[in-house]
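The structure appears below as structure tokens.
The values are calculated or read from the model by the stated rules, or taken from the named source; none is laboratory data. Note that the coordinates shown come from a computational prediction; the quantities given were computed from them, not determined experimentally. Note that each Cβ is placed from the backbone with ideal geometry, even for glycine, and that neighbours are counted across all protein chains shown.
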Amino acid sequence: MSTVKSFEELTIWQEARELTSKIYILSKRFPKEELYGLTSQIRRASVSIMSNIAEGFNRRSTKEFINFFNNISSFDIRSTKRSIHFFRPKLY
């Protein structure tokens, strides 16, 4: 079993990166009046998920990483999910 040396090797970070890419593509279809509102919010939240995973990776222990992730990233994940659910029926 190999040791993960970088956060980029974490499957969860790779999936967060893919989610962020999809959100940027999808949010281009949002109305222009949402550019500084919901579009910005959902983009920032998705990038924050990636950033929190990377930051948490540098924690001292697996337990500390999990605690960090549960407390910090879960807020951004919920925010992103709420935004997606809000726009899903209104996709332009």
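Selection within region 1-52: residues that are of a type in the set (F, W, Y) and either without any contact (Cβ under 8 Å) to a residue 12 or more places away in the chain or in contact with a Leu (Cβ under 9 Å, 6 or more places away or on another chain) (or both). The member of this set that is nearest to N70 (Cα to Cα) is Y36. Could you list, in sequence order, all residues of region 59-76 that are assigned to a loop (DSSP other than H, G, I, E, B) and either surrounded by 15 or more Cβ atoms within 10 Å (Cβ to Cβ) or touching a residue at least 12 places away in the same chain (Cβ under 8 Å) (or both)? Hits for region 59-76: nothing passes. Residues that are among the charged types (D, E, K, R) and under 21 Å from F57 (Cα atoms) were ranked within region 3-32; the one that is surrounded by the most Cβ atoms within 10 Å (Cβ to Cβ) is R17. Considering region 6-33, the residues that are modelled with pLDDT under 90 and out of contact with any Lys or Arg (no Cβ under 7 Å at 6 or more places or on another chain) include one that is nearest to I77 (Cα to Cα), namely I12.
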